[in-house]
1. With viscosity set to 1.306 mPa s and temperature to 10 °C, compute the Stokes-Einstein D of the stretch 33-163, Rh being the Kirkwood radius across alpha carbon pairs; µm²/s, no decimals.
2. Please give me the summed charge of the neighbours of H123: other residues whose Cβ is under 10 Å from its Cβ, Lys and Arg +1, Asp and Glu -1.
3. How large is ³J(HN,Hα) for each residue in the stretch 103-112, as worked out from phi by the Karplus curve 6.51 cos²θ - 1.76 cosθ + 1.60 (θ = phi - 60°), to whole Hz, x for Gly and Pro?
4. What's the FRET efficiency of M53 with D151 using the Cβ-Cβ distance as r and R₀ = 25 Å, to the nearest 0.05?
5. Please give the peptides 88-95, 72-79, 51-58 ranked by average Cβ packing (other Cβ atoms within 10 Å per residue), highest first, as a rough proxy for protection.
6. Most exposed first by the Cβ proxy, i.e. fewest other Cβ within 10 Å, how do T164, T69, T97 rank?
Amino acid sequence: MRRIWAVAAIAASLTISSCAFDALDSGTTGGDAPVSPTPTSPPALADEPVLKMGATTFGEVMVENGGMTVYVFDMDEVGSGVSSCEGACLQAWIPVTSVTENPTVEGLQGVVIDTIPAQEGTHQLTVNGRPVYRYQDDTQPGDAFGQAVGDVWWTLDSAGTPITTGGS
């Protein structure tokens, strides 16, 4: 009888720990999936605007050229030239990339757009020195389900400032 209770306690413990939220993943249950090659947002072509403002479920925020919401990560150091999002984080948070180091934007005023090296010869976009990402659970243009995930992921306003309120 004691063995049955011990096995049940261990099984319950494993079940609870596998559902623990990790601010770096999507927030779904099941823990972190094995790391596979990192997906990237399809790179914007050289003559396409890569970032603009767009209507989302969270309101008017910065979106990439396909209308998908972009986010910044609190753990990225502003101006460092590198992303802190690695491994499982990159499975949930997809770098927004461009084929050029000098991307164009539309309707953004006073925002510093730059790039840092990304995979396969592309360039991850930065806004005011912070790398930008898409969220895997945003499946339609206008979705903003990544807002405030883990209290470390934020949408951006037209000045490139993180919007650190609410979530969708």
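1. D = 111 µm²/s.
2. It works out to a net charge of -2.
3. x, 9, 10, 10, x, 10, 10, x, 9, 8
4. My answer for the efficiency is 0.55.
5. In descending order of packing, they fall as 88-95, 51-58, 72-79.
6. Fewest-to-most Cβ neighbours within 10 Å comes out as T164, T97, T69.
None of the figures in this text is laboratory data; all of them are computed from the coordinates on show. Note that this is a predicted model, so its numbers are computed, not measured. Positions of Cβ are backbone-derived with ideal geometry, glycine not excepted, and every protein chain shown enters the neighbour counts.
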